[in-house]
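Student: Shown below is the structure under consideration.
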Amino acid sequence: MGNVGATEVPVLLSPEGLRIDGRRLDELRPIRIEAGALHQADGSAFVEWGANKVMAAVYGPREVHPRHLQQNNKAVIQCKYNMAAFSVDERKRPGLDRRSQEISKVIAEAFESVVFAEEFPRTSIDIYIEVLQANAGTRCAGLVAASVALADAGIPMVDLLPAVAVGKIAGKIALDLKKEEDNFGEADLPMALVPQSGRLVLLQMEGHMTPDELAASLDLGVRGCREIYEKMKAALRERYAATVPSGGTP
Ligand code: ADP
């Protein structure tokens, strides 16, 4: 559940049922998604989600590096998630650590379920996720950004992959945990959804929940994902409207 920065436990839920930032239990933090934020990449997206700031860039389908990863029947999907040294309160040690390796792996696997990789044998689709500012839920923000970046790159997919973390704070199930809630809460459950089929392609959990709480969390998370899905589609529509002259054909 991330690093515990402070020692004093904050009040996570007021008697009125409001969270530390004034949200209700089923409310998302504000999200802004910009498709095509970078010029060099084949596809890109910038996501501001609460105090998270995440950039994703996609290259490919292109030649596979390192070569031995090449597959004859499909594209390999490679993901590199990185948190900038200045992304957290106390400077994070730069470079690859176990956490970023794990996050890179689960994100790549989530996209393997939706990208039509067989259409591009012997190639690589490379996803880079850079967390510039972190405030819990960065793997979900990374998934959302990467998903929009993949669509922006024109990579064929079954669907976009909205993602959100649900958790347990002060004994209650809450949508989209922020840093203090992640640090001092009882559980953290990030998930990514294929909206078309309702299938979850990423589901992790830290902490403890009863089976009933887990069911309620999945329900709340799926609803949150559907809300985020609409914002992802709107960002792509906005990008598309900006690049196609009025009356023009795509
Ligand atoms: P996620 O960002 O997907 O929620 P974690 O639960 O592992 O992933 O991390 C929660 C939060 O803890 C991160 O978003 C970040 O704010 C903070 N965090 C993670 N790793 C570090 C680190 N090495 N140093 C300082 N803060 C960190």
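Student: Over the chain, what number does the Rg to Rh ratio reach, with both radii from the alpha-carbon atoms and Rh per Kirkwood? Let's see the in-between values first.
Tutor: On the way: Rg = 18.3 Å, Rh = 18.6 Å.
That ratio equals 0.98.
Student: Per 0.36 nm of contour for each residue apart, how much would the distance between His39 and Glu102 grow if the chain were fully extended, relative to their Cα-Cα spacing?
Tutor: Gain on stretching His39 to Glu102: 19.8 nm.
Student: Helix 138-152 sits at what angle to the longest principal axis of the chain, using alpha carbons and giving 0 to 90 degrees rounded to 10?
Tutor: 30 degrees
Student: Of the GluC sites (Glu not before Pro) in region 1-71, which ones lie in a loop per DSSP and count no more than 11 other C-beta atoms within 10 Å?
Tutor: When the GluC sites (Glu not before Pro) of region 1-71 are filtered for loop state and at most 11 Cβ neighbours within 10 Å, Glu8, Glu16, Glu63 remain.
Student: Each label point is 7 Å from the Cα along the Cα-to-Cβ direction; what then is the distance between the points at Gln204 and Asp21, in nm?
Tutor: Taking the simple label geometry, Gln204 and Asp21 are separated by 2.0 nm.
Student: Given a 10 angstrom Cα cut-off, can you work out which residue in Gly60, Gly36, Gly154 is the most mobile in a GNM of the chain?
Tutor: Gly154
Student: Right, another one. List the extent of the Cα atoms of region 46-151 along each of their three principal axes, largest first, rounded to whole Å.
Tutor: 45, 25, 18
Student: Only Cα pairs within less than 10 Å get springs; with that Gaussian network setup on the chain, which residue of Asp152, Asp26, Asp176 has the largest fluctuation?
Tutor: Maximum among the listed residues: Asp26.
Student: In the neighborhood of Ala85, defined by Cβ-to-Cβ distances under 9 Å, what is the net charge if each Lys or Arg adds +1 and each Asp or Glu adds -1? Don't skip to the end; give the middle numbers.
Tutor: Working: positive: Arg91, Lys92, Arg93; negative: none.
For residues surrounding Ala85, the net value is +3.
Student: Now, a different point. Given springs between every Cα pair under 10 Å in a Gaussian network model of the chain, which of Leu12, Leu96, Leu28 has the largest fluctuation?
Tutor: Leu96
Student: What percentage of the solvent-accessible surface of region 31-240, computed with a 1.4 Å probe over protein heavy atoms, is contributed by carbon and sulfur atoms? List each step's numbers first, then the result.
Tutor: Working: 4740 of 9630 Å².
Ligands and nucleic acids excluded, carbon and sulfur reach 49 percent.
Student: Only Cα pairs under 8 Å and at least 6 apart count here; give the relative contact order of region 160-240 as a rounded whole percent.
Tutor: RCO, region 160-240: 32 percent.
Student: Sticking with this one: Can you give the helix-only mean residue ellipticity at 222 nm for the chain, where every DSSP H stretch with n ≥ 4 adds -39500 (n - 2.57) and the sum goes over all residues, rounded to the nearest 500 deg cm²/dmol?
Tutor: On the way: 4 runs with 69 residues, N = 250.
Calculated from helices alone, the mean residue ellipticity at 222 nm is -9500 deg cm²/dmol.
Student: Let me ask you something else. Just the C-alpha atoms of region 128-217: what Rg/Rh do they give, with Rh taken as the Kirkwood radius?
Tutor: The Rg/Rh ratio comes out at 1.01.
The values are calculated or read from the model by the stated rules, or taken from the named source; none is laboratory data. In this text the structure is predicted, and so the values were computed from the model without any measurement. Using ideal geometry, Cβ is built from the backbone for each residue, glycine included, and neighbour counts are taken over all protein chains shown. Keep in mind that these areas ignore ligands, DNA and RNA; they rest on the heavy atoms of the full protein, side chains included. Shrake-Rupley method; radii C 1.70, N 1.55, O 1.52, S 1.80 Å.
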